[in-house]
Amino acid sequence: RKLTKMSNFETRNYEGVKAYKIARVSDPRQTDALPAQELRLNAYTDRIKCSDTSELYMFDETAFKEDRQKFQKIVQTIAEYPDFCIVVFDKIDRFTRDASSEVVQVLKHLVKQGRIELHFPSDNLVYHKNSPASDKTRLGMGMVFGEYYSSAISDNVKRKIEHKLSVGEFPGKAPVGYKNVKYEVDGKEEKNIVPDQSRRYYIVKAFDLRLDGNSFRTIAKILREEGFRSNTKKQGIVGQSQIETMLKNPFYYGVMRY
């Protein structure tokens with residue numbers, strides 16, 4: 001492969017080489033950054049002549065467990081790819097927030113074997129099997145700073161939760177039968193939890209059925225047949241274990257357990 005000058009570092013002409021482009025965010029405040037990451041990743045693979053053999057994976061890991069697992073599945077796909085390929089992240093902190101995570105170790109091992117290269121266009125870094133000590137140090141420092149940023153976010157979240165609890169606010173999604181609401185008071189946003197009118201009938205009936213001596217399984221079956229659904233995004237069927245959890249939750253008599 002011939003060497004050509006690209007940006008502020010030397011890179012190869014990767015024409016015909018498989019490229020995995022990964023755009024990901026793990027902080028709700030960064031979701032708007034995904035399109036920008038996509039733009040830069042596409043521009044980069046265009047420059048190194050491998051856009052025709054590239055695949056883009058873009059996802060938000062902040063909301064659902066399935067999205068958080070996507071990175072693991074992509075890494076597994078890369079590990080199973082039989083030929084040499086490159087993996088492109090916009091920046092090092094998009095690669096990892098946890099230097100000890102399994103997926104990070106898998107990718108670094110693949111680099112060591114010479115099977116892949118890690119490209120970080122915005123950081124002007126290509127990490128490969130024969131990378132000099134200076135590039136290894138840059139990658140390590142970038143990972144450390146990324147991990148620090150992640151830990152700082154976690155600390156801030158904990159502080160917010162402590163504050164909410166101190167003022168009697170439940171710091172999470174309302175249990176089924178209730179819903180989280182927002183409203184404005186004197187120009188300031190307030191939050192509260194109120195009964196969910198579309199589900200309150202089922203909650204009351206669940207308690208009544210239990211008082212009559214019915215099993216959790218029976219209660220779940222009766223409510224399912226009457227149309228009771230969870231308050232999750234997919235509004236799935238409420239099963240036996242969920243009924244048991246609900247009927248043992250002190251939230252329904254006014255005590256928040258967190």
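On the beta carbon distance between residue 109 and residue 156, with R0 = 41 Å, the FRET formula returns roughly 0.80. For segment 208-231, there are no residues whose amide N sits under 11 Å from a probe point set 7 Å from the Cα of residue 197 along the beta carbon direction. For segment 237-258 versus segment 115-159, the inter-centroid distance based on Cα atoms is 42 Å. The length gained by stretching the chain between residue 241 and residue 58 to full extension, at 0.36 nm per residue less their Cα-Cα distance, is 62.5 nm. For the chain, DSSP calls about 50 percent of its internal beta bridges antiparallel.
Using the Cβ-Cβ distance between residue 232 and residue 122 with R0 = 25 Å, the FRET efficiency computed as 1/(1 + (r/R0)^6) comes to roughly 0.10. Surface composition of the chain: carbon and sulfur atoms hold 50% of the protein heavy-atom accessible area at a 1.4 Å probe.
If the segment from residue 77 to residue 163 were pulled out straight at 0.36 nm per residue, it would be longer than the present Cα-Cα gap by 26.7 nm. For the chain, averaging the sequence separation of C-alpha pairs within contact (under 8 Å, six or more residues apart) and dividing by the residue count gives a relative contact order of 12 percent. Between 143, 246, 58, the residue with the greatest mean-square fluctuation in the GNM of the chain (Cα pairs under 10 Å linked by springs) is 246. Fully extending the segment from residue 135 to residue 182, taken as 0.36 nm per residue of separation minus the present Cα-Cα distance, adds 12.1 nm. In this structure residue 106 has an accessible area near 50 Å², from a 1.4 Å probe over the protein heavy atoms.
For mean projected area of the Cα convex hull in nm², several values are listed as (1) 16.4; (2) 18.9; (3) 14.9; flag the one computed from this structure. The listed entry that was calculated here is (2). Rolling a 1.4 angstrom probe over the protein heavy atoms with all chains in place gives the chain an accessible area of 61 Å² per residue. Taking springs between alpha-carbon atoms closer than 10 angstrom, which of 196, 93, 212 fluctuates most in the Gaussian network model of the chain? Answer for the Gaussian network model of the chain: 212. Using only alpha-carbon positions in segment 124-176, the gyration tensor eigenvalues give semi-axes of 41, 12, 5 Å once each is multiplied by 5 and square-rooted (largest first).
The values are calculated or read from the model by the stated rules, or taken from the named source; none is laboratory data. Remember, it's a predicted structure, so these values are computed and weren't measured experimentally. Counting neighbours? That spans all protein chains shown, and the Cβs are built from the backbone with ideal geometry, glycine included. Keep in mind that these areas ignore ligands, DNA and RNA; they rest on the heavy atoms of the full protein, side chains included. Shrake-Rupley method; radii C 1.70, N 1.55, O 1.52, S 1.80 Å.
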